[in-house]
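Every read-out reported here was derived from the displayed coordinates using simple, explicitly stated rules and does not represent laboratory data. Being a predicted model, the structure only gives us computed values, none of them experimental. A quick note on method: Cβ atoms are made from the backbone with ideal geometry, for glycine too, and the neighbour counts reach across all protein chains shown.
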Amino acid sequence: MVGSTTAVLRIRFVGGAQMDVTIDEVDVSEDEVVDRAIAALSQDSGVLRARHGDRLVVVFARGVAAVEIAPRGAVL
């Protein structure tokens, strides 16, 4: 059976704005999804295809200042 993994990322842009996006991949762990997103955004020419609500968005690495990963458990 094919499983899908979703990770939620908060993208902070160079201009100060932020956006919460989700990325989905098939048959990989959440850690692998996050690692792939970070690898894409660590390159100057990197892009990340993600979803913001019902919309498909493309995040270009050149405008990203930081990436936060959604917590998996309770935030203390």
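Please verify whether ASP27 is out of contact with any Gly (no Cβ under 9 Å at 6 or more places or on another chain) and among the acidic types (Asp, Glu), treating the condition exactly as stated. It is false that ASP27 is out of contact with any Gly (no Cβ under 9 Å at 6 or more places or on another chain) and among the acidic types (Asp, Glu). Could you tell me which numbered condition THR22 fails, if it satisfies all but one of (1) among the polar types (S, T, N, Q); (2) surrounded by 11 or more Cβ atoms within 10 Å (Cβ to Cβ); (3) part of a loop (DSSP other than H, G, I, E, B)? Going through the list (1) among the polar types (S, T, N, Q); (2) surrounded by 11 or more Cβ atoms within 10 Å (Cβ to Cβ); (3) part of a loop (DSSP other than H, G, I, E, B), THR22 breaks only (3). Among the residues making up the stretch 25-55, those that are farther than 16 Å from ALA7 by Cβ and part of a strand (DSSP E or B) are VAL47, ARG55. If you go through the stretch 25-72 and pick out every residue that is touching a Lys or Arg at 6+ places or on another chain (Cβ under 9 Å), acidic (Asp, Glu) and loosely packed, with under 13 Cβ neighbours inside 10 Å, you end up with 2. Residues in the stretch 1-15 that are in a loop (DSSP other than H, G, I, E, B) and either touching a residue at least 40 places away in the same chain (Cβ under 8 Å) or among the hydrophobic types (A, V, I, L, M, F, W, C) (or both) were compared, and the one that is surrounded by the most Cβ atoms within 10 Å (Cβ to Cβ) is VAL14. Within the stretch 16-42, the set of residues being of a type in the set (S, T, N, Q), in contact (Cβ under 8 Å) with a residue 24 or more places away in the chain and closer than 22 Å to ASP54 by Cβ comprises THR22 only.
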